[in-house]
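Working notes, structure below.
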Amino acid sequence: MITHIVFLNIKPELNKKKVLKTLRKKLLDLNYSIDELNHLEFGTDFNGSPASYDAALYSTFTSKENLEVYQTHPEHIKVKAYIAEVTSDRAVVDYEV
């Protein structure tokens, strides 16, 4: 199994609550449009620690090939474009279990 985790910080000049609500919908909708995606979760930070990111995405795939299909899928590309517009920082980890 392949796990794909992304941490995101929203640009400080934006309305964080509104952006996170929009982002949640866009990301969770990918569960229904990309067959190669096993599961995707999206959560927002409640801790507020200086080390915290604003949000995290957790998704799983059966293979590296399926992760690649997800990465290049037109619906995911649209969401990535939105993420690029609204985030100031991003960290990604992909690993195999």
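The values are calculated or read from the model by the stated rules, or taken from the named source; none is laboratory data. Only a predicted model underlies this, so the values are computations on that prediction, with no experimental measurement involved. As a convention, Cβ positions derive from the backbone with ideal geometry for all residues, glycine included, and neighbour counts pool all protein chains shown. Remember, those area values only see protein heavy atoms, side chains included, never the ligands or the DNA or RNA. Shrake-Rupley method; radii C 1.70, N 1.55, O 1.52, S 1.80 Å.
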Matching residues, region 59-93, being closer than 14 Å to Leu40 by Cβ and among the basic types (Lys, Arg):
Lys80
Being closer than 16 Å to Val79 by Cβ and at pLDDT 95 or above is the requirement here; does Lys25 meet it?
yes
Within region 5-28, tally of residues that are touching a helix residue (DSSP H, G or I) at 6+ places or on another chain (Cβ under 9 Å), in a helix (DSSP H, G or I) and of a type in the set (D, E, K, R):
1
Filter region 66-76 down to residues that are free of Cβ contacts under 8 Å to residues at least 12 places away in the same chain and among the polar types (S, T, N, Q) and give me whichever is most open to solvent (accessible area, probe 1.4 Å).
Thr72
Given the condition part of a loop (DSSP other than H, G, I, E, B) and surrounded by 10 or more Cβ atoms within 10 Å (Cβ to Cβ), answer yes or no: does some residue in region 77-93 qualify?
no
Can you pull out the residues in region 29-49 that are more than 18 Å from Ile10 (Cβ to Cβ), open to solvent by 40 Å² or more (accessible area, probe 1.4 Å), in contact with a helix residue (DSSP H, G or I) (Cβ under 6 Å, 6 or more places away or on another chain) and not in a loop (DSSP other than H, G, I, E, B)?
Ser33
In region 50-65, which residue that is open to solvent by 40 Å² or more (accessible area, probe 1.4 Å) and out of contact with any Phe, Trp or Tyr (no Cβ under 6 Å at 6 or more places or on another chain) is farthest from Leu30 (Cα to Cα)?
Pro50
Candidates Val19, Val97 - the one that is of a type in the set (A, V, I, L, M) and open to solvent by 60 Å² or more (accessible area, probe 1.4 Å)
Val97
